[in-house]
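Taking it in order: structure first as structure tokens, then the write-up.
What follows is calculated from the coordinates using simple rules that are stated; it is not laboratory data. Treat the numbers as computed from the prediction; the structure is a model and nothing was measured. Cβ coordinates were reconstructed from backbone atoms using ideal geometry, including for glycine residues, and neighbour counts include every protein chain displayed.
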Amino acid sequence: MIAGLFVLSSCKGKLGKADHVDIESVPLQTVRNMFVVDTENGLLKMRMEGGLMQRFETDTSTYESFPEGFSVFVYDEDGELETTIQSKRARHTTPKKNGHEVWLVCGDVRVENIEKREVMESDTLYWDRTRELIWTDCYVKIYSPDGFMQGYGMESDQRARNTLIKRPFNSYAFTEGEEQQVDSVNLIGPVFHP
């Protein structure tokens, strides 16, 4: 008993008071070089990669943060790579109340539909896996074999098969069999001869 009192009394003065720790700012889980594969009936549906994934929990939701980049590879019904989504950062949030998950990808977002040879670029993109939709209200550029489109706001299915720009401006299309020329405002269009 005397030895126990000696240990307790000798440690008493050396223990400091712990600093306040905000539990919601500390990740519950950290994963380096994350690699996730989603399959269905033996076919690859989707692959996700991130340099760093940190999982956090608040009173209302759970979310994963990807501060070192994020890539998604979506495969078609035959298992062929169809669409890629890449960004500098991402965040995946799942509210505790309804469980309706939403992804936010931002920073040089690039969505490429390989089958259509179409590339979309924006700064921010939202992805709802439950409803299988992607959208943004930001400035968007789309390059395709048919031409160039730009505008504000976009929505599409998650495979970027049917992309619609909500408020397009200064877009152009390529026409076959006609001479092309760049005009004074850098728009390409057909040259009509009288």
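Some observations on this one:
- Residues D137, D78 arranged by fewest to most Cβ contacts within 10 Å: D78, D137
- Taking N as the residue count of the range 41-88, its C-alpha radius of gyration divided by 2.2 N^0.38 Å amounts to 1.44.
- Placing dummy labels 7 Å off each Cα toward the beta-carbon, the span from D108 to M46 is 2.4 nm.
- Panel order for L81, L104, L43, by other beta carbons found within 10 Å of each beta carbon, from fewest to most: L43, L81, L104.
- Extension gain, N162 to D146: 0.36 nm times the residue separation minus the Cα-Cα distance gives 4.3 nm.
- The ellipsoid that matches the Cα gyration tensor of the range 23-190 has semi-axes, each √(5λ) in whole angstrom, of 34, 18, 14, with the longest given first.
- Taken over the range 23-190, lysine pairs spaced eight or more positions apart, or on distinct chains, with alpha carbons under 23 Å apart number 6.
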